[in-house]
Amino acid sequence: MQQKRLRDILPYQIQTTNDLLTSRAGLICIAQLMNNVGFTDLIDRHFPHPQNNRGFKPSVFVTALVLMLHEGGSCLDDLRHIHDDGALSQLFSIKIPESDSMGDWLRRVGLDGVKATEEINKPLFYFHKKYHLPAIQIVKNLKIERKKEGIEIIKADAFLKDLYL
């Protein structure tokens, strides 16, 4: 009986390449979605900014944290997988901070980060509960937001004409 070679059995050919490859291609969709719906702008508006001009914006840290969690990371050291992935680094428009920087940022932000998260969630939960709209649609279409002992929306485009609360 003649031995069949692997290339004769498989219906495709395997070739070598010098292109960068990644097993984390799905993270690109998450990062792009967060950017397109204005999530990064919302983060930068509510989270405290660095005290000098050299630091990362808050959206860089939050995006990196979300990507790490979507990848299945369970500790800050798992950021290294995303940080060291050359293909992802080329595709992302942001830099991924190292785990030490992330830990320093989380400690520095502290309770202000919790308050910022609550501020971001208030309009999202309110509209979701009242109008049964997905949070993505709310973030994308909410143009002007003001707070006076509650939430006041001056103008909300695309899903409702004008809404006054």
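The values are calculated or read from the model by the stated rules, or taken from the named source; none is laboratory data. Small disclaimer: the values here were computed from a predicted structure and weren't measured. Counting neighbours? That spans all protein chains shown, and the Cβs are built from the backbone with ideal geometry, glycine included. Just so you know, the surface numbers come from the protein's heavy atoms only, side chains and all, with ligands and any DNA or RNA stripped out. Shrake-Rupley method; radii C 1.70, N 1.55, O 1.52, S 1.80 Å.
Structural remarks
- Matching residues, segment 75-88, being in a helix (DSSP H, G or I), of a type outside the set (A, V, I, L, M, F, W, C) and touching a residue at least 40 places away in the same chain (Cβ under 8 Å): HIS81, GLY86
- Residue match in segment 69-81 (condition: closer than 19 Å to ALA116 by Cβ, under 14 Å from the mean Cα position of the chain (by Cα) and hydrophobic (A, V, I, L, M, F, W, C)): yes
- LYS115 being charged (D, E, K, R), open to solvent by 30 Å² or more (accessible area, probe 1.4 Å) and at pLDDT below 90: no
Let's see how each residue does on (1) open to solvent by less than 80 Å² (accessible area, probe 1.4 Å); (2) touching a residue at least 40 places away in the same chain (Cβ under 8 Å); (3) of a type outside the set (A, V, I, L, M):
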| site | (1), (2), (3) |
| --- | --- |
| GLN13 | no, no, yes |
| LEU21 | no, yes, no |
| PHE39 | yes, yes, yes |
| ASN53 | no, no, yes |
| PHE61 | yes, yes, yes |
| GLY73 | yes, no, yes |
| GLN90 | no, yes, yes |
| VAL109 | yes, yes, no |
| LYS122 | no, no, yes |
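- Going through (1) touching a residue at least 60 places away in the same chain (Cβ under 8 Å); (2) surrounded by 16 or more Cβ atoms within 10 Å (Cβ to Cβ); (3) charged (D, E, K, R) one by one, GLU98 falls short only on (1).
- Flag if GLN32 is over 22 Å from GLY113 (Cα atoms), open to solvent by 60 Å² or more (accessible area, probe 1.4 Å) and in a helix (DSSP H, G or I): yes
- Residue in segment 53-76 that is modelled with pLDDT under 80 and at positive phi present: no
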